[in-house]
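Report on the structure given below.
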Amino acid sequence: MVRSVKVRMALRADAERNRERLVAAAQSVFAERGVDVPLEEIAERAGVGIATLYRRFATRETLLAAAFEDRMAEYATAAAAALRMPDAWCAFGWYIERICSIQAKDRGARDVLTMTFPQAKRLQALRECAYRDFNTLVRRAQQQGQLRTDFVAEDFILLLMANAGVVRGMRDVAPNAWKRLVALVLDGCRAEGARPLPAPPRPAQVYRAMRRLSS
């Protein structure tokens, strides 16, 4: 009996070590090459077989969720930090630049920030927390008369999708080009001199687009 308990404990410890190696490998490989990399490369980087990977993570989505939980926590923490800043416009600009810089530094985060993972409860909870705080920040900046009144949360997703495209297309020739995009966007977000915009996509349309990216 004692021997069997020790064997089970050893197996659980081994399984946990494999999981930790896989998450660390996934974080590295996704950051280097993006989220579409073959999972066999992650297993190889972790020093385990592909069957072990699938025992720990049945789908790519579950592996992505585990690998990017820290990034999503950073996303939520940044939103909370922005809310503590007294000048809402400065906070808004700081937050936009902070999240776009995360996309620029990490090829995986570049795409994951515009995806949604309904089965990953922790990841979704962090995203929703960041979303609520960002909406509060938007309202505050609008109330202070600094952010254009027709800016909506869906515009932020459009910006992240655009930034992901710039980062992807320019990374080998002009890796800082995303900063110019962000500066142009922020200038267009100012209330001063704002002109009417076309209607934004509906929240349901944005969600469907994010789901399509996830799959």
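The values are calculated or read from the model by the stated rules, or taken from the named source; none is laboratory data. Small disclaimer: the values here were computed from a predicted structure and weren't measured. In case anyone asks, the SASA skips ligands and DNA or RNA and just uses the protein heavy atoms, side chains included. Shrake-Rupley method; radii C 1.70, N 1.55, O 1.52, S 1.80 Å.
Odds and ends about this structure:
- With 10 Å bins from 0: P(r) over the chain, alpha-carbon pairs, percent: 8, 29, 32, 18, 8, 4, 1, 0
- Mean-square fluctuations from a GNM of the chain, with a 10 angstrom spring cutoff on Cα atoms, peak among Q142, Q103, Q205 at Q205.
- Rh by Kirkwood over Cα pairs, then Stokes-Einstein D for the stretch 102-214 at 1.567 mPa s and 4 °C, µm²/s: 84
- Projected area averaged over orientations for the stretch 64-165, convex hull of C-alpha atoms, nm²: 5.9
- Mean accessible surface per residue for the chain, computed with a 1.4 Å probe while every protein chain stays in place, in Å²: 56
- Fluctuation leader among L83, L184, L113 - the chain, Gaussian network, Cα springs under 10 angstrom: L184
- Anisotropy class of the stretch 94-135 from Cα gyration tensor, a/c 1.5 cut: oblate
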